[in-house]
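Structure first, then comments.
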Amino acid sequence: MVKTKRGPRRKTQGRTPNRKVTDYYPVRRSSRKSKSELESCKYFVISQLIFFSIQQIDYIDGKGRGVIATKHFNRGEFVVEYHGDLIEITDAKKREAVYAQDPSTGCYMYYFQYLSKTYCVDATKETNRLGRLINHSKCGNCQTKLHDIDGVPHLILIASRDIKAGEELLYDYGDRSKASIAAHPWLKH
């Protein structure tokens, strides 16, 4: 068989034009979400969970009331909000002085920094929110995290490791002052 050299192709009438692959197969779009979309979804879920609690109160020997998980929590999962009045440090110090006058009141104040300002969540008032009743442990199974909702900081507790249903929820209060340890020896553990 002898090969001959062909000349340039000429368009002939009646020929169909070149077709694209997408003419035969539909375009398949990725269903993966971008990092910002994932963060947005996580933000929305945490915002919703803040208003629904999945724990119960129980009496713990040597500690008083404590909070028990009623479901399994995976590491990094939202557990509960430390809910109370969000106040600035000047108001918090005044309230703390008032609470010190009455030892039966107790003091459930959590200080934190947000946008270069010191705030406090005062959870001293009894409510049906359980974050204020989570006990202390240096080796707790929860850790605190700030969650911003419309410019307002919310103090939440997330699982620092997997937590089984029926396990007491604990986090490190972080107070290591000699005066606090003398008044509350359980802070050492």
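Evaluating K188 against the criteria (1) closer than 24 Å to R65 by Cβ; (2) at pLDDT 85 or above; (3) basic (K, R); (4) surrounded by fewer than 11 Cβ atoms within 10 Å (Cβ to Cβ) leaves one unmet condition, (2). Applying the criterion of at least 3 residues that are farther than 27 Å from E39 by Cβ to the strands (runs of 3 or more DSSP E) found wholly in region 68-173 leaves 85-88.
Just to be sure, is T90 in contact with a Ser or Thr (Cβ under 9 Å, 6 or more places away or on another chain), among the hydroxyl-bearing types (S, T, Y), modelled with pLDDT of 70 or more and over 21 Å from D172 (Cβ atoms)? No, not satisfied. Picking from residues in region 28-41 that are modelled with pLDDT of 70 or more and exposed (fewer than 10 other Cβ atoms within 10 Å of the Cβ), the one that is nearest to I149 (Cα to Cα) is S36.
For region 141-159, the tally of residues that are open to solvent by 50 Å² or more (accessible area, probe 1.4 Å) and aliphatic (A, V, I, L, M) stands at 2. Specify the residue that is surrounded by the fewest Cβ atoms within 10 Å (Cβ to Cβ); the eligible residues are those in region 102-139 that are modelled with pLDDT under 85 and among the polar types (S, T, N, Q). The residue in question is S104.
The values are calculated or read from the model by the stated rules, or taken from the named source; none is laboratory data. This structure is a prediction, so every number in the text was calculated from the model and none was measured. Positions of Cβ are generated from backbone atoms using ideal geometry, with glycine treated the same way; all protein chains shown enter the neighbour counts. To get the accessible areas, we keep the full protein, side chains included, count just its heavy atoms, and leave off ligands, DNA and RNA. Shrake-Rupley method; radii C 1.70, N 1.55, O 1.52, S 1.80 Å.
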